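The values are calculated or read from the model by the stated rules, or taken from the named source; none is laboratory data. It should be emphasised that the depicted structure is a prediction, and the values quoted were computed from it without experimental measurement. Cβ sites come from the backbone with ideal geometry, for glycine too, and all protein chains shown count toward neighbours. The protein model used for the area step is the full one, side chains on, heavy atoms only, and it has no ligands, DNA or RNA in it. Shrake-Rupley method; radii C 1.70, N 1.55, O 1.52, S 1.80 Å.
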Amino acid sequence: MIYRNADIENYPFPFPRDQYRYSTNLEPTGRRNASAAGGWGDRRVDIDRRYRSELDERARILAADPSRSQCLPHMVPACWDAMLTLMRELAADYPATMRLDRISPDDNTFRWRNDLLGIDDTFTFGDPATLPTAPLDYICGQIQEDVVLLDQRAGQLWGDAGVVTFAANWSFGFDIGMSFLQIHGPVPRVHSEKVITRAHEFLMRLEPGQSFRRTNWSLTVDGKLDTATETYREWGRDRRTLAEGPLDEVGDRLFLRTEVQHLIRLPHSGAVMFLIRTYLLPFAAIATVDAWADRLYRVLEDLPHDMTEYKGLERTRGPALRWLATFGGVTP
Ligand code: HEM
């Protein structure tokens, strides 16, 4: 994976402070967040130079494991709603390459063009026979974000549909159909500190058209996007080989993984659309920004044991700290 300046300039560095703790860290969307290297957050759906390679990777994962895409029967209208909302978003943000035209208002027929992928399709909203695949699969083949759709009923949110190919150490296939509170069951601390119940209340009050975002982060070895529970056997051992390998390899092998997560209330179905976009940057690139290297060091050094364990950083945290101190110019 080769990194360029643009990857660093636009990287959503996730730490506002030297100490990281879980919080209901939501902020309104649409504002650019400045960072020490540039900034991020202009758009809710972000197309970058990895567009094709990440879409190819998604297609490969879906072909190998269809459980990464699921839609419970009552969520079919929400999947159409999500597709059209994302098309409108793309057309508004990328007018040079994306275009949505309503051909016939009477029967809800649209023409969708995505010049980046050479797509020019006409479909009737709600009629699956007019699309080559199910609506959520169709649009997720054209965005780099993972998507979960949450149904709101009986005073709770339920993760009842989605296409998730780049999960950070969790399983969409396991979580499908679970409530928001059940999904967050394994996360330490958040229950006693009411982070999740507060987020849940907040999300249930989200109005159509409103959207918020937050970040989450982890460390990943060798730039792998797919670190789902299902493929643990393919990526789990990387942590050990990194820890047992030479220290000078850590800069290229260990990546800070930031997820930019958007929460958008869909206009017709009332479902909440959860977009998860994963950005990876190797430590060697992080270390080109002094303030980032220093902050990452402080955060990792301070991270409590239960959070380190839950995030799966027990093996990688030590090498990360040693590399930052040796090659990243950080003074412990
Ligand atoms: C994990 C908070 C929204 C699905 C987590 C973690 C936190 C968190 C703190 C632990 C992450 C880590 O240590 O790496 C929140 C907050 C939210 C939110 C504050 C909203 C304001 C959502 C939504 C979904 C979701 C809408 C949709 C299904 C997950 C999953 C995990 C997770 C699947 C991993 C759980 C596991 O280990 O199995 N979340 N989250 N989150 N979150 Fe959320």
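Return the only residue of 143, 119 being more than 16 Å from the ligand (Cβ to nearest atom) and closer than 30 Å to residue 310 by Cα.
On the way: 119 fails: closer than 30 Å to residue 310 by Cα.
Going through 143, 119 in turn, the sole match is 143.
Taking the conditions exactly as written (in contact (Cβ under 8 Å) with a residue 60 or more places away in the chain and open to solvent by 50 Å² or more (accessible area, probe 1.4 Å)), does residue 229 satisfy them or not? When the stated conditions are applied, residue 229 passes them.
Yes or no, residue by residue, for (1) open to solvent by 10 Å² or more (accessible area, probe 1.4 Å); (2) at pLDDT 95 or above:
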{"residue": "245", "(1), (2)": "yes, yes"}
{"residue": "251", "(1), (2)": "no, yes"}
{"residue": "281", "(1), (2)": "no, yes"}
{"residue": "284", "(1), (2)": "yes, yes"}
{"residue": "304", "(1), (2)": "yes, yes"}
{"residue": "314", "(1), (2)": "yes, yes"}
{"residue": "323", "(1), (2)": "yes, yes"}
{"residue": "329", "(1), (2)": "yes, no"}
{"residue": "332", "(1), (2)": "yes, no"}
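Can you tell me which residues in segment 14-40 are part of a loop (DSSP other than H, G, I, E, B) and more than 16 Å from the ligand (Cβ to nearest atom)?
The initial filter retains those residues of segment 14-40 that are part of a loop (DSSP other than H, G, I, E, B), namely 14-26, 29-32, 35-38.
Matches in segment 14-40: 18, 30, 31, 32, 35, 36, 37, 38.
You will find that of 250, 195, the residue that is in contact with a Lys or Arg (Cβ under 9 Å, 6 or more places away or on another chain), touching a residue at least 12 places away in the same chain (Cβ under 8 Å) and away from the ligand (no atom under 12 Å from the Cβ) is 250 and no other. Restricting segment 97-142 to residues that are in contact (Cβ under 8 Å) with a residue 12 or more places away in the chain and among the small types (Gly, Ala, Ser), the residue that is nearest to residue 59 (Cα to Cα) is 141.
Sort out for me the helices (runs of 4 or more DSSP H) sitting completely within segment 288-332 that have 2 or more residues that are within 16 Å of the ligand (Cβ to nearest atom), without any contact (Cβ under 8 Å) to a residue 12 or more places away in the chain and farther than 27 Å from residue 34 by Cβ.
On the way: elements: 290-302, 305-310, 317-327.
Where helices (runs of 4 or more DSSP H) fall fully within segment 288-332 and carry at least 2 residues being within 16 Å of the ligand (Cβ to nearest atom), without any contact (Cβ under 8 Å) to a residue 12 or more places away in the chain and farther than 27 Å from residue 34 by Cβ, they are 305-310.
Of 174, 166, 110, 180, all but one fail to be at pLDDT 95 or above and surrounded by 23 or more Cβ atoms within 10 Å (Cβ to Cβ); the exception is 166.
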